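The next block holds one structure in the form of structure tokens; read it before the comments.
Quick note: the coordinates plus some simple rules give every number you see, no bench work behind them. The structure presented is a predicted model; accordingly, all values stated were derived computationally and were not measured. Cβ atoms come from the backbone with ideal geometry, glycine included; neighbour counts cover every protein chain shown.
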Amino acid sequence: MATDSVAVQLTGIEKRFPGVIANHDVNLTVRTGTIHAIVGENGAGKSTLMKTLYGMHQPEAGTITVFGEQKVFRSPSDAIAAGIGMVHQHFMLADNLTVLENIILGYEPTKGGRIQYGEARTKLLQIMTQSGTHVDLDAPVSDLGVGQRQRVEILKVLFRGARILILDEPTAVLVPQEVDELFSNLHRLVDDGATIIFISHKLDEVLTVSDDITVIRAGTTVAEVQPKEVTRLKLAELMVGSELPSPHGRASEVGTLVRLQLDHITVAGPGDKHALDDVSFEIREGEVLGIAGVEGNGQFELCETIIGLIKPLSGTLAMEGENITHTSPHHRLMNGLSYIPFDRHREGLLLEAPLWENTLLGRDGDPQFLKGPFINATAAKADSRQVIDQFDVRTPSELVPAYALSGGNQQKLLVGRELSSHPRVLIAAHPTRGVDVGAQAAIWEKLRAARDAGLAVLLISADLEEVIGLSDRILVMFDGCINAHLTPAEATPELLGTYMTGGVQEVAS
Amino acid sequence: MSESINESVDTAVSKLQRLFKGSGQQSVLITLASSLAAVAIALVLAGILLWATGKSPFDAYSKMLEAGLTNDKLLETVQRATPLIVAAVAVAIGFKMNLFNIGVEGQYLMGVFWAAVVGAYVHLPSVLHIGLIFLVAMAAGAIWAAIPAILKVKKGVNEVIATIMLNTITLSIIDWLFQEKFRHEIPGQLDVKTKLLPTTAWLPDLVKNRLSSFVFMALVVVIVFWLIVYKSKFGFRLRASGANAIAARTAGISSNNMIVTSMVMSGAIAGLAGMTYLLSTSHAYGPTRPEGYGFNGIAVALLGRNHPAGIIVAGLLWGFLDSVAGPLQIAKIPQSIVLVIKAVILLTVVIVNEVVGRRVAKRTADRTAAQLTLPVVAA
């Protein structure tokens, strides 16, 4: 498999933006036919480096050598011509076209102005057999799940003849089963002679899947290691350059007061199906209840129902004994409920607005931010600065628009906003999705501290390590139902995986 | 000594920067510069067009300045700008909620018509009379704007289509009502109008027949707009809902409520756009009714970037261009060049804003990254 020939070599790469050195003295050697992981904190310069390699911008200094030939990439098409393809983190597919149409888009084989669909199909079938992937070429992309969309993106790159694939955080959107599938596909590709550069935050994955690992910190390459030489902790420390706090253990006890209670909640879904079917649970003060499950099994509807954005068909919801089933979302949010939503860009932030308006969103009913009918901007800004300080949001000021922050810092701001209203119940959906280990540890710390102070947390996460590490009890959701109750001690990723895909729990306790 | 001077210069500079930094997104200076550049580009393009049709652009422009910079014409500029500014504020309220209210045209006509009808049949002391007329105009505009809002909320009808269709419907309804119900014939007069308003409802002119005191009301409208949209809690929710409806919904802000409220507010303001005509010029509704305030208001709102100060400046520019159309005609330069200039300004402003906006966004992101990365790199 791994040979000594070098697919990509970057030497002394330096990339400057006005007033900032994003990459300097970056050296990277990727052997042909290997999976090479690039790890680093958000903002460490991984993406800048990959954009340089893919021709999206030009470096100020340094050389790029591909298969022994020195190259200058003026644009991505130069990089594609040299056999480099990139699979972006956010998919770029046209929903209303079929898989086949999406793949050939912009690269259509034509004869006399007519698109040769037959030819494209034959070539794709061949690529799919070789790489061991399968996607229905005639299905509209809108029908596909996330994992399948990603396969389409990979096929798109292969169709353009790429021999070197750059994958930008490919597993961020996948569930464990899909991750396994992706990795087996990647191995098939590598066996077939392809070279893969793989950017990730998830160190466990990096350690299992890659042949070589390069660590980037503060814009430069600081270490090149082999997975067998390092532990997860060591790798994380190389990334942040210091020792990390441990994620486990709790000092306080779960209280007796029931903060949130769901009683036989049923919610309508598409068609005759119920999105939530007879869901009941309670969360006590100082307790974290984890919900594990493959995305799309009712977690989203569960959160929206608790917030009050979806009205249940039947069942009751109570907070600290008060029936809130028929109250408005605004009422609930003003009375001790907080929500860290699934997707910070879609549901959480006003990207164009300054940070202080973002920390004010949803809290504008609080009298401390008002002067009569007007917003007290001074107080709102001061509060925003406090959130920024307490949650270590890295930003020059509260006046910067939210889009200017990295994902991890946006998430810290969001978590900070939701915790600083001193909620008694917090719904945390993927609180650390797509953030680097440093920010993840910080967010966990804050959640733990709030829990110790009596907060009841409903934790929904695709990161099983997070669910097991933070929760006091774990429920598994499948197809709108709760189909397993576990303690973190008995939960293993494998066991959770079984229940998450519909395995039935033996009734024990 | 020199150090302390340096320090005070630094703080002064940062204070100035903050002053011009508005919401922290794009400085007022950049916005101003890009808008001025757009106007300059538009003048050059229109000049090329003039030159291509065999007229001298320099002649045309100097004629415009010569005619436009007289006292009379400057008053006319303000007089013409007044309704456009009011209409633009109405449009801008919609834009802030991500709604495109093309129906301002129909809404102010409804306002003028019903205010003329109701105002003619009441007798009140002047202040109350005028106040009542304002209220009727606002209510008529608001009710008319509520229709597309309710259609959007209940049935998902796009407000652009609904308001365009309502504009056409407005004209037919008003024409019918006027001809059949409210035509007031005075023997011996050819000028047919609705019943004349009692003089208690006449707004005094600041300069006789040149400038109506309604200009003060327009200023009040702009200030109230600024206070409500940019400073109030309601405005914050409106802007949040317009910027990201899903995030606003998640934060407990009902976007349906916001759609209806903002459309109704927009319609109410729109209802006031025709008040110069009704209360200062014509004192009744008639076939000489104004037209185009709504469409020009959209242009003024776009040019002014939905910002109160921008709207005033853009409204005055539009008023100026309208006021010089006549003198150009006399100088044998086709007055349609004014239309061309307006259209080209609008296009260049949209394009220049887009380009500048992207660059500013990228620079802001890079600068933010820079302020954070530099110390780390140095360490």
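At 7 Å along Cα-to-Cβ for each site, give me the label-to-label distance between A:Leu97 and A:Gln390 in nm.
4.8 nm
Separation between the A:Asp366 and A:Asp78 pseudo-spin-labels, each 7 Å from Cα along Cα→Cβ, expressed in nm?
5.1 nm
Using 23 Å as the Cα-Cα cut-off, could you pick out the over-long pairs in A:Lys371/A:Lys412; A:Lys15/A:Lys234; A:Lys273/A:Lys311; A:Lys15/A:Lys228; A:Lys46/A:Lys412?
A:Lys371/A:Lys412; A:Lys15/A:Lys234; A:Lys15/A:Lys228
Let's test the formula: R0 of 22 Å, r as the Cβ-Cβ distance of A:Lys311 and A:His422. What FRET efficiency results, to the nearest 0.05? Let's see the in-between values first.
Values: r = 27 Å, r/R0 = 1.24.
Computed FRET efficiency for A:Lys311 and A:His422: 0.20.
Given an 8 Å cut-off on Cα distances and at least 6 residues of separation, report the relative contact order of segment A:6-240 as a percent.
Worked out over segment A:6-240, it gives 29 percent.
Give, as a single signed number, the net charge of other residues whose beta carbon lies under 12 Å from the beta carbon of B:Ser336, with Lys and Arg counted +1 and Asp and Glu -1.
Result for the local shell: +2.
Reachable aspartates and glutamates from B:Lys362, Cα under 14 Å, same-chain residues fewer than 8 places away excluded?
Straight-distance partners of B:Lys362: A:Glu352, B:Glu354.
Under a plain spin-label model, where a point goes 7 Å from the Cα along Cα-to-Cβ, how far apart in nm are B:Thr168 and B:Ala52?
3.2 nm
Contact order normalised by length for chain A, with contacts defined as Cα pairs under 8 Å and 6 or more residues apart; what percent is it? Each step should come with its number before you reach the end.
Numbers: 1003 pairs, mean separation 74.2, N = 509.
Relative contact order here is 15 percent.
Cross-link partners among lysines for A:Lys123, C-alpha distance below 26 Å, same-chain residues fewer than 8 apart left out?
A:Lys111, A:Lys156
Could you work out the relative contact order of chain B, using alpha carbon pairs under 8 angstrom and six or more residues apart, expressed as a whole percent? Can you show the working numbers first?
Details: 535 pairs, mean separation 121.2, N = 379.
Result for chain B is 32 percent.
Below 27 Å, Cα to Cα, which lysines can B:Lys193 reach? Residues fewer than 8 away in the same chain don't count.
Answer for B:Lys193, where 27 Å is the Cα cut-off: B:Lys181, B:Lys208, listed by chain and number.
So, counting K/R as plus one and D/E as minus one, what does the shell of residues with Cβ under 14 Å around A:Gln126 add up to?
Its environment carries a net charge of +1.
In sequence order, what are the phi-derived ³J(HN,Hα) couplings for segment B:221-228 according to the Karplus relation 6.51 cos²θ - 1.76 cosθ + 1.60 with θ = phi - 60°, rounded to whole Hz, with x for glycine and proline?
Working through the residues one at a time gives 4, 4, 5, 4, 4, 4, 4, 5 Hz.
Would you please give the residues with an amide H less than 5 Å from that of B:Leu206, counting only those at least 5 places away or on a separate chain, with H modeled from the backbone geometry?
For B:Leu206, the qualifying residues are B:Leu211, B:Ser212, B:Ser213.
How large is Rg/Rh for segment B:281-324, to two decimals, with Cα atoms and a Kirkwood Rh?
Numbers: Rg = 12.4 Å, Rh = 11.5 Å.
Reported Rg/Rh (Cα atoms, Kirkwood Rh): 1.08.
Computed FRET efficiency, Cβ-Cβ of A:Thr501 and A:Arg346, R0 25 Å: what is it to the nearest 0.05?
Rounded to the nearest 0.05, the efficiency is 0.40.
Quick one: if you take sqrt(5λ) for each eigenvalue of the C-alpha gyration tensor of segment B:161-203, what semi-axes come out, biggest first, whole angstrom?
Details: eigenvalues 147, 46, 11 Å².
Equivalent ellipsoid of segment B:161-203: 27, 15, 8 Å, largest first.
Work out from phi, with θ = phi - 60° and the Karplus expression 6.51 cos²θ - 1.76 cosθ + 1.60, the ³J(HN,Hα) of each residue of segment B:79-87, listed in order in whole Hz, and give x for Gly and Pro.
4, 6, 6, 3, x, 5, 5, 4, 4
As an exercise, take the mean of 1/r over every pair of distinct alpha carbons in the protein assembly as shown, invert it, and state the Kirkwood radius in angstroms.
After inverting the pairwise mean of 1/r, the radius is 31.5 Å.
Rg and Dmax in Å for segment A:390-509, alpha carbons only: what are they?
Calculated on Cα positions, Rg and Dmax stand at 16.4, 55 Å.
Expected output is a single nm value to one decimal: the length gained when fully extending between A:Val254 and A:Thr122, i.e. 0.36 nm times separation in residues minus the C-alpha distance. What is it?
Working: separation 132, 0.36 × 132 = 47.52 nm, distance 6.06 nm.
The A:Val254-A:Thr122 span can extend by a further 41.5 nm.
How many percent of the alpha carbon pairs in chain B exceed a separation of 32 Å?
Tail of the P(r) past 32 Å holds 42 percent of the pairs.
Order these by the 10 Å Cβ neighbour count, fewest first: B:Ile311, A:Ile103, B:Ile223. All intermediate terms of the calculation are to be shown ahead of the outcome.
Working: B:Ile311 31, A:Ile103 28, B:Ile223 11.
Placing the least packed residue first, the sequence is B:Ile223, A:Ile103, B:Ile311.
Apply 1/(1 + (r/R0)^6) to the Cβ-Cβ distance of B:Gln335 and A:Thr208, taking R0 = 51 Å, and write down the FRET efficiency to the nearest 0.05.
That gives a FRET efficiency of 0.10.
When the convex hull of the Cα atoms of segment A:248-340 is projected onto a plane and the area is averaged over all directions, what value comes out in nm²? Intermediate results must be reported in sequence, preceding the final value.
Working: hull surface 27.8 nm².
Quarter of the Cα hull surface area: 6.9 nm².
As a test of understanding, state the convex hull volume per residue of segment A:258-500 from its alpha carbons, in Å³.
Looking at segment A:258-500, the number lands at 123 Å³ per residue.
Name the shape class, rounded, prolate or oblate, that the alpha-carbon gyration tensor gives for segment A:318-434, where a ≥ b ≥ c are the square roots of its eigenvalues, rounded holds for a/c under 1.5, and otherwise prolate holds if a/b is larger than b/c and oblate otherwise.
On the way: a/c = 2.04, a/b = 1.28, b/c = 1.58.
Judged from the Cα gyration tensor, segment A:318-434 comes out oblate (a/c at least 1.5, b/c at or above a/b).
Quick one: which residues, 5+ away or cross-chain, put their amide H under 5 Å from the amide H of A:Arg217? H built at 1.01 Å from N.
Distant-sequence amide H within range of A:Arg217: A:Val222.
Select from B:Ile48, A:Val66, A:Thr492 the residue farthest towards the positive end of the dipole of the protein assembly as shown; place +1 on Cβ of Lys and Arg, -1 on Cβ of Asp and Glu, and compute about the Cα centre.
Checked the options; the winner is B:Ile48.
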